[in-house]
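Enquirer: Input: one structure, supplied below.
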Amino acid sequence: MTDTAALLGLFLSAFLAATLVPAGSEAVLIALILAGDLPVAVLLAVASVGNILGSAVNYTLGRGAAGLRGKRWFPVSDAALVKAESWYHRWGRWSLLLSWVPIIGDPITVAAGALRERFAIFLTLVTIAKTGRYLAVAAAVTA
């Protein structure tokens with residue numbers, strides 16, 4: 001596999017993992033770190049950017065969620081969105097620091113968009129959360 005293909009695969013897995021598509025990216029990151037062909041810093045940057053951009057897609061979906069709620073094809077159930085909005089109302093923007101957590105993280109990013117969180121704040125908190133998670137994974141693998 002070429003370096004470009006490996007980085008593209010990592011980016012896509014990280015992007016999809018951050019959207020409402022059920023996917024994971026940690027295994028891809030770990031495999032590439034263990035392969036040792038690419039610098040860990042580059043792998044962390046690619047995974048983080050992909051994951052952050054995927055969350056931005058969720059935020060954008062959330063901005064339009066009011067008009068999409070209840071549609072069968074909309075990827076977030078009304079119950080999941082209500083639960084995420086409840087979390088968001090209770091913990092506020094700081095709940096975005098949990099955006100890396102499987103199952104609850106993606107709906108929180110949708111709720112942030114639906115509740116009109118300022119994008120700069122959204123982006124800052126999601127960047128901290130997503131990059132921090134990948135740093136922890138890399139530290140565990142390279143320790």
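The values are calculated or read from the model by the stated rules, or taken from the named source; none is laboratory data. None of these values were measured; they are calculated from a predicted model. Virtual Cβ from ideal backbone geometry, glycine too; neighbours counted across all protein chains shown. We work out accessible area using only protein heavy atoms, side chains counted, and drop any ligands, DNA or RNA first. Shrake-Rupley method; radii C 1.70, N 1.55, O 1.52, S 1.80 Å.
Enquirer: Could you state, as a whole-number percent, how many of the C-alpha pairs of the range 65-143 are farther apart than 17 Å?
Expert: Of the Cα pairs, 47 percent sit more than 17 Å apart.
Enquirer: Continuing with this model, one more query. Does the range 99-143 come out rounded, prolate or oblate by the C-alpha gyration tensor, with a ≥ b ≥ c the root eigenvalues, rounded set by a/c under 1.5 and, if not, prolate when a/b is larger than b/c and oblate if not?
Expert: In terms of gyration-tensor shape, oblate.
Enquirer: Can you give me the solvent accessible area of ILE128 with a 1.4 Å probe, rounded to the nearest 10 Å²?
Expert: 100
Enquirer: If packing is taken as the average count of other Cβ atoms within 10 Å, what order do 91-104, 8-21 fall into, highest mean first?
Expert: Descending mean neighbour count gives 8-21, 91-104.
Enquirer: Here is a follow-up. What percentage of the solvent-accessible surface of the chain, computed with a 1.4 Å probe over protein heavy atoms, is contributed by carbon and sulfur atoms?
Expert: Percent of accessible area from carbon and sulfur atoms in the chain: 69.
Enquirer: Where in the chain are the DSSP H helices whose alpha-carbon span along the long axis reaches 15 Å or more and whose Kyte-Doolittle mean is at least 1.0?
Expert: Helices passing the filter in the chain: 3-18, 40-63, 119-142.
Enquirer: For SER86, put the label point 7 Å out on the Cα→Cβ axis and report which residues of the range 115-136 keep their amide N under 18 Å from it.
Expert: 115
Enquirer: Any chance you could run the full-extension gain for ALA120 through THR4? It's 0.36 nm times the residue separation minus the Cα-Cα distance, nm to one decimal.
Expert: 38.7 nm is the gain from fully extending ALA120 to THR4.
Enquirer: Which one, GLY62, GLY24, GLY50, has the greatest fluctuation when you compute a Gaussian network model over the chain with C-alpha springs under 10 angstrom?
Expert: Comparing GLY62, GLY24, GLY50 in the GNM, the peak value goes to GLY24.
Enquirer: What accessible area per residue comes out for the range 63-143, rounded to a whole number of Å², with a 1.4 Å probe?
Expert: It amounts to 58 Å² per residue over the range 63-143.
Enquirer: With all pairs of different alpha carbon atoms counted, what Kirkwood hydrodynamic radius in Å does the range 1-90 show?
Expert: With all distinct Cα pairs of the range 1-90 included, I get 14.5 Å.
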